[in-house]
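What follows is a set of notes on a single structure, which appears directly below.
Any read-out appearing in this document is the output of simple, stated calculations on the displayed coordinates, not a laboratory observation. Please read all numbers here as calculations on a predicted model, not as lab measurements. For neighbour counting, all protein chains shown are included, and Cβ atoms are generated from backbone atoms with ideal geometry for every residue, glycine included.
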Amino acid sequence: FGDAAQKVDYVFKVVLIGDSAVGKSQILARFARNEFSLDSKATIGVEFQTRTLVIQHKSVKAQIWDTAGQERYRAVTSAYYRGAVGAMLVYDITKRQTFDHIPRWLEELRAHADKNIVIILIGNKTDLEDQRAVPTEDAKEFAQKEGLFFLETSALNATNVETAFLTVLTEIFNIVS
Ligand code: GDP
Ligand code: MG
């Protein structure tokens, strides 16, 4: 974890989007610092975090952008999307509304971002399986229809967080290299 002093072959900007409180900041904290907090404050200030990893013998610096509490519709500005080569579209599996808003986020993304952007749909908080409100099948079907990667994660117990980032970063790597 962290950025070792090493030569960087690629820098990939990836943006996190989705409704407030779905776990975007905790997914990022888990990926960038292997941390998790149950009472995470609304994101203030910090624009992005980085982690450098090796993909197919190349050093890839992932620069992951987190919305600074601007999750209201249309509040995320085009500057946020500028230069992004990947996007993680996050909903909370225990809150149906956050999944129902995904088409809206996708529309925003497609309006502002590069048309070749790699997108993964993420259903977070799988540790709360007993409160599940979004069937895996519904999300899988939506992702297939829209041509998105799809994974369910838990930032709390770290399930699939690494895999989700690696899926996006490897796909981007394969496109640009
Ligand atoms: P954001 O607004 O999308 O950035 O959401 P946060 O990352 O701030 O998380 C919102 C709340 O959900 C916080 O209380 C987190 O601790 C909690 N949370 C985030 N991810 C998970 C998870 O995977 N499981 C559980 N149980 N809670 C989570
Ligand atoms: Mg946040």
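As a footprinting exposure proxy, order THR159, THR52 by other Cβ within 10 Å, with the fewest listed first. Kindly include the intermediate steps, with their values, before the conclusion.
Numbers: THR159 17, THR52 20.
Lowest to highest Cβ neighbour count: THR159, THR52.
Have a look at the DSSP beta bridges in the chain and tell me what percent are antiparallel, nearest 5.
Working: 8 of 30 bridges.
The antiparallel fraction comes to roughly 25 percent.
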So how many Å³ per residue does the convex hull of the Cα atoms of the chain work out to?
111
Built amide H within the under 5 Å cut-off of SER59, gap 5+:
ASP9, TYR10
Cα gyration tensor shape of the stretch 122-163, rounded if a/c is under 1.5, else prolate or oblate by comparing a/b with b/c:
oblate
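Treating the beta-carbon of each Lys and Arg as +1 and of each Asp and Glu as -1, no other charges, what is the dipole magnitude of the chain about its Cα centre, to the nearest 20 debye?
Magnitude of the dipole: close to 520 debye.
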Could you work out, for the stretch 62-143, what percent of all Cα-Cα pairs fall into each 5 Å distance bin, beginning at 0 Å and stopping at the bin that holds the largest distance?
3, 13, 25, 23, 18, 12, 5, 1
Using the Cα centre of the stretch 111-174 as origin and beta-carbon charges of +1 (Lys, Arg) and -1 (Asp, Glu), tell me which of PHE165, PRO135, SER154 is placed farthest towards the positive end of the dipole.
PHE165
Go through 94-104, 17-27, 160-170 and give me the packing order, highest mean Cβ count within 10 Å leading.
17-27, 160-170, 94-104
Restricting to Cα pairs below 8 Å that are 6+ residues apart, what does the relative contact order work out to for the stretch 35-177? Please round to a whole percent.
21
GNM result for the chain, Cα springs below 10 Å: residue of ALA111, ALA84, ALA32 fluctuating most strongly:
ALA111
Under 5 Å from the placed amide H of ALA84, counting only residues 5+ away or on other chains, we find ASP114
Any chance you could give the angle, 0 to 90 degrees and rounded to 10, that helix 136-146 forms with the longest Cα principal axis of the chain?
60
Once LYS61 and ASN157 are pulled to full extension, the length gained, defined as 0.36 nm per residue separation minus their Cα-Cα distance, is 32.1 nm
CD proxy, 222 nm, the chain: helix-only mean residue ellipticity via -39,500 (n - 2.57) per DSSP H run with n ≥ 4, per residue, nearest 500, stands at -9500 deg cm²/dmol
Per the rule of 0.36 nm per residue minus the C-alpha distance, extending ASP138 to SER37 adds in nm 33.5 nm
Between 0 and 90 degrees, rounded to the nearest ten: what's the tilt of helix 102-112 against the longest Cα principal axis of the chain?
40
Could you tell me how many degrees, from 0 to 90 and to the nearest 10, lie between the Cα long axis of helix 161-176 and the main elongation axis, the longest principal axis, of the Cα atoms of the chain?
50
At 0.36 nm per residue, and after removing the present C-alpha to C-alpha distance, how many nm does the segment from GLU129 to LEU53 gain when stretched out fully?
24.3 nm
